[in-house]
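Heads up, the thing below is written out as structure tokens.
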Amino acid sequence: MRALFQRLLREDSGQDLVEYALLTAFVGVSSVVALDLLQTALGTAYAKWDSESQALWIMPEPGGGL
């Protein structure tokens, strides 16, 4: 068991794979966070635009105002 542990410490043949896995995980988590923030920002902007554009139109009087 001790020899196996020492061999794992000396050899670095899987080091690249671990680095790529960590980099992929970082990119994935960052993307999820960024998309969540983007969704919130776009939702807020759309809601503001919607409420402002709804206030521009005034409903005409019934019967055409004759």
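Every read-out reported here was derived from the displayed coordinates using simple, explicitly stated rules and does not represent laboratory data. The shown structure was predicted, so the numbers you read here are calculated from the model rather than taken from an experiment. No Cβ is skipped: glycine too gets one built from the backbone with ideal geometry, and neighbour counts run over all protein chains shown.
Details
- Potential extension, Ala25-Met59 segment - 0.36 nm per residue separation minus Cα distance: 6.9 nm
- Cα-derived Rg to Rh of the stretch 1-48, Kirkwood definition: 1.46
- Taking each DSSP H run with n ≥ 4 as -39500 (n - 2.57) and averaging over every residue of the chain yields -26000 deg cm²/dmol at 222 nm.
- For the chain, with +1 on Lys and Arg beta carbons and -1 on Asp and Glu, the positive-most of Leu38, Pro62, Tyr20 along the dipole: Tyr20
- Placing dummy labels 7 Å off each Cα toward the beta-carbon, the span from Leu38 to Phe5 is 4.7 nm.
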